[in-house]
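The values are calculated or read from the model by the stated rules, or taken from the named source; none is laboratory data. Treat the numbers as computed from the prediction; the structure is a model and nothing was measured. Methodologically, a virtual Cβ is constructed for each residue, glycine included, from the backbone with ideal geometry; neighbour enumeration extends over all protein chains shown. The area values use the complete protein model at the heavy-atom level, side chains included, leaving out ligands, DNA and RNA. Shrake-Rupley method; radii C 1.70, N 1.55, O 1.52, S 1.80 Å.
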Amino acid sequence: HTDVAVMVRSSYQLNLIEEELKNSGIPVRVERGDGNEAQPRENDWLDFERARRVAPVPMRPAALMTMHRSKGEEFDDIYLAGWTEGEFPHPEAVSSNRVHEERRLAYVALTRARQRVVVTHSFMKRTLHYGSDGRRKHVTSSV
């Protein structure tokens with residue numbers, strides 16, 4: 001078994017990627033910015049339904065984290081998700097002339113791999129929103 005990590009630019013992307021990995025049957029452990037793994041939710045209806053529909057992939061859980069959190073870590077395979085124009089480099093860094101910080105962050109992420117790096121991008125952007133009633137809603141738009 002290999003150590004796999006999926007890294008994203010910002011923490012808001014963590015939940016979206018986590019949901020998609022779980023929907024695919026890929027075991028995942030989410031590492032938040034404070035270094036603690038997210039605690040699994042108990043009695044979550046969606047997790048129960050997912051377990052009935054999707055056969056889990058026999059592998060070690062993939063680490064899901066932000067690129068900032070990856071400093072000092074090392075994995076066999078790294079998947080860098082969301083390297084899409086308008087997302088990475090972060091628009092705020094571009095507008096404030098801090099692209100050099102984004103380059104350093106990219107360097108950190110790219111050098112965490114022992115064997116393989118896969119960089120992904122998308123032509124669509126999917127954002128998670130919560131309605132006034134507290135229900136989750138995904139909004140998809142072109143990049």
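Some observations on this one:
- Close pairs (7 angstrom Cβ cut-off, 6 or more residues apart or separate chains): of a type in the set (V, I, T) in segment 5-17, open to solvent by less than 50 Å² (accessible area, probe 1.4 Å) and in a strand (DSSP E or B) anywhere: V6/A62; V6/L64; V8/T66; I17/V6; I17/V8; I17/L64
- Among residues of segment 59-87 that are of a type in the set (V, I, T), those with a Cβ under 6 angstrom from a residue that is crowded, with 17+ Cβ neighbours inside 10 Å and in a loop (DSSP other than H, G, I, E, B), sequence gap 6+ or separate chain, pair up as I78/R112.
- Unmet requirement for H90, which otherwise passes all of (1) in contact with a strand residue (DSSP E or B) (Cβ under 9 Å, 6 or more places away or on another chain); (2) touching a residue at least 60 places away in the same chain (Cβ under 8 Å); (3) open to solvent by less than 80 Å² (accessible area, probe 1.4 Å): (1)
- Of residues in segment 72-97 being at pLDDT below 90 and of a type in the set (D, E, K, R), the one farthest from P27 (Cα to Cα): E92
- Among the conditions (1) open to solvent by 60 Å² or more (accessible area, probe 1.4 Å); (2) closer than 22 Å to R135 by Cβ; (3) modelled with pLDDT of 75 or more, R41 misses just one, which is (3).
- In segment 97-132, of all residues being among the aliphatic types (A, V, I, L, M) and part of a helix (DSSP H, G or I), the one that is surrounded by the most Cβ atoms within 10 Å (Cβ to Cβ) corresponds to A109.
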